[in-house]
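A quick write-up on the structure given underneath.
The values are calculated or read from the model by the stated rules, or taken from the named source; none is laboratory data. Everything numeric here is computed off the predicted structure, so don't read it as measured data. Because the Cβ atoms are built from the backbone with ideal geometry, glycine has one as well, and the counts that use them run over all protein chains shown. SASA here: full protein model, heavy atoms, side chains in, ligands and nucleic acids out. Shrake-Rupley method; radii C 1.70, N 1.55, O 1.52, S 1.80 Å.
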Amino acid sequence: MTAVTATRDLPDARAADLPARTTCGRTLILQRRLHGGRSHVLHLAHDAGTGEQLVVKTGGDPAKLRHEARALTALTDRPGLPCSRLISVTCLRTDDAPRAQTALLIAYAPGHHPRAAGDFHALGRTLATWHTAPTTRRWENLYQPPARLLRLDRSFAAHHAPDLTGLLDTLLPPTRHVWTRTCLVHGDPSPPNTLIHDGVAVLIDCENAALAHPGLDLGRALFHAHWHSPTSADALLAGYTDLQPLPDQLAAWTAAAGIHIAAWRHSHRRRQGVLPWSPALEQARHWAGVSMI
C-alpha cells in the first residue's frame, strides 16, 4: 500500500493570500482556509521558494499540536500507513499577526470525505492496517492510561447517563493500567478526519493518536458509519475483517463512542455549528443494547 499525504480539499469562501514567514526559513502564501479543524486553523499554503503546496495547521492548544507532531514523527517508522505526512514543526508569523505561533507544515494532496459504501470499506481496511502495524520504541510516548482516555466520557455519563457508566467500566482493564491488547489508534477516525484518495482511506488530524485498544478506533468509526447508513456500517466492518478479526466488545465500544461524541458536543454546545448532544447519547443507548457484535 502506498502512503498518501492529504488534508481536506474543501475550501470555504474566504481567500487569504496572506504572506507568512517561518522560523525554518520558508516564505509561505496562505491561500485559503480549509474546512475542519474544530480546535485549530487549517490553511492551504504555497511555498514561494519551492512552489510546493502544503497545509499549515495553527492555533488551538499548542500541546495538541506537539502531540500530533510526535505522532506523525512516529508514523514515519511505518511509511506504508495511509496518513498525513509531517514536513516540519515551526513557528509562523504573518503581517496581521506578527506574534509567532506554533505551526505544523503537512504535505498536501486532494481527496474527499467518505460518502459511498466503498469509501467506508476503504476506511475499515485502513483502520485494520493501523491496528496491525508493529509498534516501535518511538511510539511509547503516545501511550495514554485507559482511565485517562475514558475520563471525559465517564464524567459526562455520571451526570447525564448514569445507566451507561457501568458499560464504560467494562471497557477498562482490570488493573486500569493497560489493556491486554494495544495498538496504534488514530483516536477519532470520523468521516471529517478521513480522505479517500485513489481508493485508499487516509487518516488526517492525528492529534488524538495513542497506543490503546483497537475498539476505541473501530467503535467510533462504526458509530459514524451507522449514522450515515446501515450499508456504510456493513461496508466498514467488511473492510476491517478483510485484514483482521473484529476487536472484542465492539458494540460496547460503539456505545462509548456515542457517549464521547455527546460529551464533546455538550462541552462545546455554545460554539456555533456544534450539533445537539442528545441524539448521540440516544444512539449510544441503542448500541448499549446490541449484543450481536
Residues of the range 173-223 classified as without any contact (Cβ under 8 Å) to a residue 60 or more places away in the chain, closer than 12 Å to Trp253 by Cβ and of a type in the set (A, V, I, L, M), total
2
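Find the strands (runs of 3 or more DSSP E) located wholly in the range 21-75 whose residues include 2 or more that are open to solvent by 30 Å² or more (accessible area, probe 1.4 Å), and list them.
Details: elements: 27-34, 41-47, 53-58.
Hits in the range 21-75: 27-34, 41-47.
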Could you identify the single residue in Pro214, Pro247, Pro192, Pro230 that is surrounded by fewer than 17 Cβ atoms within 10 Å (Cβ to Cβ) and not polar (S, T, N, Q)?
Pro230
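Only one of His186, His224 is under 27 Å from Asp61 (Cα atoms), open to solvent by 10 Å² or more (accessible area, probe 1.4 Å), modelled with pLDDT of 95 or more and under 21 Å from the mean Cα position of the chain (by Cα); which?
Working: His186 fails: open to solvent by 10 Å² or more (accessible area, probe 1.4 Å).
The match here is His224.
Just to verify a result, which residue in the range 171-183, among those that are farther than 16 Å from Thr129 by Cα and touching a strand residue (DSSP E or B) at 6+ places or on another chain (Cβ under 9 Å), is least open to solvent (accessible area, probe 1.4 Å)?
Restricting to residues being farther than 16 Å from Thr129 by Cα and touching a strand residue (DSSP E or B) at 6+ places or on another chain (Cβ under 9 Å), the top hit is Trp179.
Rundown of residues vs (1) under 22 Å from Gln144 (Cβ atoms); (2) modelled with pLDDT under 95, yes/no style:
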site: Ile204; (1), (2): yes, yes
site: Ala212; (1), (2): yes, yes
site: Ser229; (1), (2): no, no
site: Tyr240; (1), (2): no, no
site: Leu246; (1), (2): no, no
site: Ala251; (1), (2): no, no
site: Gln283; (1), (2): no, no
site: Val290; (1), (2): no, yes
Top-ranked residue in the range 99-153 [being surrounded by 19 or more Cβ atoms within 10 Å (Cβ to Cβ) and among the charged types (D, E, K, R); ranked as nearest to Ala238 (Cα to Cα)]:
Arg125
Long-range neighbours under 6 Å by Cβ, at least six apart or interchain, first residue over 15 Å from Ala256 (Cβ atoms) and among the aliphatic types (A, V, I, L, M) within the range 273-284, second open to solvent by less than 50 Å² (accessible area, probe 1.4 Å) and assigned to a helix (DSSP H, G or I):
Val274/Arg265; Leu275/Arg265
Please determine, by comparing only the residues of the range 253-280 that are of a type outside the set (Lys, Arg) and more than 20 Å from the chain's Cα centre (by Cα), which one is surrounded by the most Cβ atoms within 10 Å (Cβ to Cβ).
Pro279
Tyr108, sole failed condition from (1) farther than 27 Å from Pro214 by Cα; (2) touching a helix residue (DSSP H, G or I) at 6+ places or on another chain (Cβ under 7 Å); (3) not β-branched (Val, Ile, Thr)
(2)
Can you find a residue in the range 117-128 that is in contact with a strand residue (DSSP E or B) (Cβ under 6 Å, 6 or more places away or on another chain), of a type in the set (A, V, I, L, M) and closer than 20 Å to His226 by Cα?
yes
Sort out which residues of the range 220-271 are closer than 22 Å to Thr180 by Cα and not in a helix (DSSP H, G or I), and write them in order of number.
Leu243, Gln244, Pro245, Leu246, Pro247, Asp248, Gln249
